[in-house]
Amino acid sequence: FAEVLPEAQCVTWEESQGQQVDYAVVWRPPLEMLRGRTDLKAVFNLGAGVDGILRLRDNDPEALPAGVPIVRLDDAGMAAQMSEYVAAAVLRYFRKLDAYDAQEQAGTWKFLKPHRRADFTIGVMGIGTLGSHIARTLASFGFPVRGWSRSAKVVDGVQSFHGEDGQQAFLSGLKVLVNVLPLTPDTEDIIDTHLLYKLAKGAYVINVARGQHLVEADLLAAVQDGQIAGATLDVFRTEPLPAEHPYWQEPRITITPHISALTLREDSIAQIAGKIRLLAEGKPIAGVVDLQRGY
Ligand code: NAP
Ligand code: GLV
């Protein structure tokens, strides 16, 4: 920040005690960090998801300084990373690469009947900044793609559904479910037994949003029952995933350590610095979180 905003004075949170500060840049801040800091003009979150900030209100309704906008990262290089990650997982399932790996281990040369693209309908839950990029990327491979959001959306090549009323039709018969929703009281625990059994038999689940979206025991039971053929999970209720967690022992569940879309240093600093300049000029900025909605 000191390089990109040479006119600014940059201090750590510890150094800022007792000083007036205009902007804070945070990731999962402790309760004491923002409480009472009404000197701030904005709080910039070093990620897309702001649940790590908004959750502070659960224990203390005064945790966030009143009237200070909270600003999330808007793509900043994350959408392309997320699309790569999800496309890699989908293509691995679609092209049966795990089965061919197993055949290679056994020294077997054998044709496996391919999946039909038309039977491989993919549903993306959350078609905002990241989800719309993922949906368009998957549609470019020719898969039938559906999207689900809170409000009605138009995304090229994607069949859109919205709201609770649209959820049943969105989920019905999906071969792959991709979750990229923000974590809010409305979306917590959304992937449970009830939802998993609305998907096609032998469906796949890809969760790149938050661990709290998924009822972990329900997914494990659905995998063991054959309803879910496999899952690729980047996020977990407890991170790092505890050593004794049963997912480590389930080969049909693929685990990655919250890396599907990393905060890129240069892109993120450039985006935040650009917004600080706009605010200093009294201009509006994108990415201000709606505190009522929770994202
Ligand atoms: P975003 O632009 O705010 O998009 C959120 C989408 O979810 C919107 O389409 C929104 O609908 C929809 N939505 C929210 N609540 C809903 C509900 N109750 N029912 C139906 N749809 C709902 O967020 P984003 O930038 O795409 O990021 C999404 C999430 O990805 C983040 O919150 C974060 O948790 C996660 N993430 C994970 C990683 C990682 O490395 N694993 C990295 C970055 C982000 P509307 O369009 O109608 O508002
Ligand atoms: C990462 O998880 C983010 O929300 O940016």
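The values are calculated or read from the model by the stated rules, or taken from the named source; none is laboratory data. Treat the numbers as computed from the prediction; the structure is a model and nothing was measured. Cβ coordinates were reconstructed from backbone atoms using ideal geometry, including for glycine residues, and neighbour counts include every protein chain displayed. Protein only, heavy atoms only, side chains kept; ligands, DNA and RNA dropped before computing areas. Shrake-Rupley method; radii C 1.70, N 1.55, O 1.52, S 1.80 Å.
Numerical summary
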| read-out | value |
| --- | --- |
| Distance in nm between pseudo-label sites at Gln224 and Trp13 (7 Å out along the Cβ direction from Cα) | 4.0 |
| Amide H partners (placed H, <5 Å) of Gly230, local residues excluded | Val205 |
| Helix 129-140 vs. the chain, principal-axis angle (Cα, 0 to 90°, nearest 10) | 30 |
| Label-point separation, Ala217 to Leu262 (7 Å along Cα→Cβ), nm | 3.6 |
| Accessible area of the chain belonging to carbon and sulfur atoms, whole % at 1.4 Å probe | 53 |
| Per residue, in Å², the accessible surface of the chain once ligands and nucleic acids are set aside, probe 1.4 Å | 52 |
| Extended-chain gain in nm, criterion 0.36 nm per residue less alpha-carbon gap, Glu250 and Asp58 | 65.7 nm |
| Surface/4 estimate of mean projected area, convex hull on alpha-carbon atoms of the stretch 104-207, nm² | 8.1 |
| Mean separation of Cα contacts under 8 Å (6+ apart) over length of the stretch 1-59, as relative contact order % | 32 |
| The stretch 219-226 - phi-based ³J(HN,Hα) in whole Hz, Karplus 6.51/-1.76/1.60, Gly and Pro as x | 5, 4, 5, 5, 5, 5, 7, x |
| Potential extension, Gln292-Gln20 segment - 0.36 nm per residue separation minus Cα distance | 95.2 nm |
| Phi to ³J(HN,Hα) by Karplus 6.51 cos²θ - 1.76 cosθ + 1.60 over the stretch 90-96, Hz, x for Gly, Pro | 5, 5, 4, 6, 5, 8, 6 |
| Student exercise, the chain dipole from Lys, Arg, Asp, Glu Cβ charges, in Debye to nearest 20 | 1220 |
| Mean separation of Cα contacts under 8 Å, 6 or more apart, over the residue count of the chain: relative contact order % | 17 |
| Mean projected area (nm²) of the alpha-carbon convex hull when the stretch 168-290 is viewed from all directions | 9.6 |
| Added length on full extension, which subtracts the Cα-Cα distance from 0.36 nm per residue, Lys283 to Ala88 | 66.2 nm |
| Distance in nm between pseudo-label sites at Arg116 and Asp98 (7 Å out along the Cβ direction from Cα) | 2.3 |
| Helix axis angle, 265-280 relative to the chain longest principal axis, alpha carbon, degrees | 40 |
| Normalised contact order of the stretch 4-159, rounded percent, pairs of Cα under 8 Å and 6 or more residues apart | 16 |
